[in-house]
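Peer 1: Input: one structure, supplied below.
Throughout, read-outs are computed from the coordinates displayed, never taken from laboratory work. What you see is a predicted model; the values in this text were computed from it and never measured. So basically every Cβ, Gly included, is an ideal-geometry build from the backbone, and we count neighbours across all protein chains shown.
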Amino acid sequence: MTLVFDAGALIRIERGNVVLGDLVTAERRAGRLVVTHGGVVGQVWRDGRRQAWLARALRGIEVVPLDADLGRRAGALLRHAVTDDVIDAAVALLAHDGDVIYTSDPDDLLPLVVLGGADVRIIRV
């Protein structure tokens with residue numbers, strides 16, 4: 001099982017949410033993957049000197065590039081969606097059957113996950 005974090009989850013960590021920060025540490029110690037993509041990091045990163053909680057958490061999170069391949073797949077997913085948010089579409093595509101997405105916007109991600117076809121649990125943060 002992989003944990004997928006969207007911008008809302010990273011913002012919660014940045015604001016001192018110890019539960020999510022500890023979850024990243026526990027998952028990594030257990031050998032499980034915590035993942036996001038570079039576009040999500042771009043949504044939340046502003047000044048590393050003022051974002052110590054986030055910087056610490058990102059050391060334990062695999063940041064996948066939002067490259068041409070992921071961008072194309074996100075665009076193809078959006079062709080069938082009622083939204084045009086490529087960042088959310090790419091988050092949805094990082095999750096596979098049995099994975100968990102942590103998000104502050106489950107209503108935005110759920111349609112994308114359904115269209116993507118993965119059996120994913122979404123947890124509101």
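Peer 1: What do you get for chymotrypsin sites (Phe, Trp or Tyr not before Pro) in segment 1-79 restricted to DSSP loop and a cutoff of at most 16 other Cβ within 10 Å of the site's Cβ?
Peer 2: Details: sites: Phe5, Trp45, Trp53; in loops: Trp45.
In loop regions of segment 1-79 (DSSP not H, G, I, E or B), the sparsely surrounded chymotrypsin sites (Phe, Trp or Tyr not before Pro) are Trp45.
Peer 1: So how strong a dipole does the chain carry about its Cα centre when Lys and Arg Cβ are +1 and Asp and Glu Cβ are -1, to the nearest 20 debye?
Peer 2: It works out to roughly 560 debye.
Peer 1: In addition: How much of the DSSP bridge set in the chain is antiparallel, in percent, rounded to the nearest 5? Spell out each step's value before the answer.
Peer 2: Working: 0 of 12 bridges.
Rounded to the nearest five, the antiparallel share is 0 percent.
Peer 1: From the phi of every residue in segment 16-23, what ³J(HN,Hα) in whole Hz does the Karplus formula 6.51 cos²θ - 1.76 cosθ + 1.60 yield, where θ is phi - 60° and glycine or proline is x?
Peer 2: Here the 3J(HN,Hα) series is x, 5, 5, 4, 5, x, 5, 5 Hz.
Peer 1: Here is a follow-up. Before anything else, pin down the relative contact order of segment 1-112: Cα pairs under 8 Å, at least 6 apart, normalised by residue count, whole percent.
Peer 2: Details: 152 pairs, mean separation 44.1, N = 112.
So the answer I get is 39 percent.
Peer 1: State the extension gain, in nm to one decimal, for the chain segment bounded by Ala68 and Arg124, taking 0.36 nm per residue of separation less the distance between their alpha-carbons. Each step should come with its number before you reach the end.
Peer 2: On the way: separation 56, 0.36 × 56 = 20.16 nm, distance 2.89 nm.
This chain segment gains 17.3 nm when fully extended.
Peer 1: Then there is this: Pulled fully out, how much extra length does the chain show between Asp22 and Val82, if you take 0.36 nm times their separation in residues and subtract their Cα-Cα distance?
Peer 2: Values: separation 60, 0.36 × 60 = 21.60 nm, distance 3.47 nm.
This chain segment gains 18.1 nm when fully extended.
Peer 1: Name the residue from His96, Gly21, Val41 whose Cα lies farthest towards the positive end of the charge dipole of the chain, charges +1 on Cβ of Lys and Arg and -1 on Cβ of Asp and Glu.
Peer 2: Gly21
Peer 1: Could you tell me which of rounded, prolate or oblate describes segment 48-90, using a ≥ b ≥ c as the square roots of the eigenvalues of the alpha-carbon gyration tensor, with rounded for a/c under 1.5 and, failing that, prolate when a/b is larger than b/c and oblate otherwise? Before the final figure, lay out the partial values.
Peer 2: Numbers: a/c = 3.86, a/b = 2.39, b/c = 1.62.
The shape class here is prolate.
Peer 1: Now, a different point. Using only the Cα atoms of the chain, what are the Rg and Dmax in Å?
Peer 2: Reported Rg and Dmax, both Å: 13.7, 40.
Peer 1: Any chance you could give the angle, 0 to 90 degrees and rounded to 10, that helix 68-78 forms with the longest Cα principal axis of the chain?
Peer 2: 60
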